[in-house]
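Take a look at the structure set out below.
Only the coordinates and a few stated rules stand behind these numbers; no lab work does. Quick caveat, the model's predicted, so the values are computed rather than measured. Virtual Cβ from ideal backbone geometry, glycine too; neighbours counted across all protein chains shown.
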Amino acid sequence: MIAEGIEIEWLGHDGFLVKSAGTVLCFDPFEANASAKADFIFISHEHHDHLSPKDIEAFRKPSTVIIASESCRGKIADAHFLKPEQSIEIAGIKVRAVRAYNTNKFRSPGVHFHPKENNGIGFVVEFAGKRVYHAGDTDFIPEMKKLGSIDVAFLPVSGTYVMTPEEAAEAANAIKPKTAIPMHYGKIVGTKSDAEKFASLYKGKTEILG
C-alpha cells in the first residue's frame, strides 16, 4: 500500500518494510517473508518477536545498516546501538531513538513487561522528506506528545503487553500523524478486530494492513 507517498508492506506483528526514493527500511521482522533486502534494519528491543536473528539475516545484505536498542547489545553483531533520545545519521537517513515502555502492563505485581529502565525504544526516522514513527512495544506515554510532526505512525494495539485499541487511539490523537497504522496483532496476541476497533476510535486517517 501507499501512505503519504511511502510504500508500506506489513510483515506481520510489529514488522514492516517501508520504501521510498530507492531506500528500503525494515522494522522488527519476525517470522516474515523477506520480499526485499533492506538498506536499514531497526530492532526496537531484545524480545524474541522483535530481535529474530533468522529474520535479520533474511532481510540483510552486505551493506545493510542495523540500528538497535541498547538492550540488544551482545545479541546482534555489527549494529549501531542507541539508548532513548540518542540520534544517528547515516547516508542521509536521520534516526532518533524514542522511549518505549509500559506504564500499566505487568508480568507480575510491580514488574512491567517492558520496564522503562530496560531502554527499549521506538524510532523516528526521517528519509525522503518524510518522518516515520515506529513505536515499538509501549503504552501511551508522555514522551509521545513531543515527537513533532509525523507522516506515518505504526502503533501497537493488541493490549496485554502493549497499548489496547483505546489507549492506542489516545496516543494517535496526541501524536496526530497524517496516517496511523495499527500493529502488534495476528501473532502471539491480538486480532484484526483490535486494529479495526483502533481505527474506529482514532479521529484521524488510518490504514489497516493484512
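Any idea what the relative contact order of the stretch 2-201 is, in percent, if you count C-alpha pairs under 8 Å spaced at least 6 apart?
After rounding, I find 15 percent.
Taking square-rooted eigenvalues a ≥ b ≥ c of the alpha carbon gyration tensor, is the stretch 57-97 rounded, prolate or oblate, where a/c under 1.5 means rounded and, failing that, a/b exceeding b/c means prolate?
oblate
How big is the stretch 165-210 on each of its three principal axes, counting only the C-alpha atoms and giving the largest first in Å?
Cα spread of the stretch 165-210 along its principal axes, largest to smallest: 28, 18, 14 Å.
Write down the radius of gyration of the chain and its Dmax, each obtained from C-alpha positions, in Å.
That works out to 15.4, 47 Å for Rg and Dmax.
Considering Cα pairs under 8 angstrom that are at least six residues apart, work out the relative contact order of the stretch 154-210 and quote it in whole percent.
It rounds to 41 percent for the stretch 154-210.
Measure off 7 Å from each Cα along the Cα-to-Cβ vector at Val189 and Thr160, then give the distance between these two points in nanometres to one decimal.
Simple spin-label model gives 0.6 nm for this pair.
Straight-line reach from Lys205: which aspartates and glutamates have a Cα under 20 Å away, not including same-chain ones fewer than 8 places off?
Result set, ordered by chain and number: Glu4, Glu7, Glu9, Asp14, Asp151, Glu166, Glu167, Glu170, Asp194, Glu196.
Mind ranking 124-132, 155-163, 36-44, 112-120 by how tightly packed they are, going by the mean number of other C-beta atoms within 10 angstrom, highest first?
Peptide ranking by packing, descending: 155-163, 36-44, 124-132, 112-120.
Picking from Gly74, Ile121, Gln86, whose Cα lies most toward the positive end of the charge dipole for the chain (charges on Cβ: Lys, Arg +1; Asp, Glu -1)?
Working it through, the farthest residue towards the positive pole turns out to be Gln86.
Can you pick out the pairs among Lys19/Lys146; Lys94/Lys176; Lys94/Lys130; Lys54/Lys130; Lys146/Lys178 whose Cα atoms lie more than 19 Å from each other?
Too far apart for the 19 Å limit: Lys19/Lys146; Lys94/Lys176; Lys54/Lys130.
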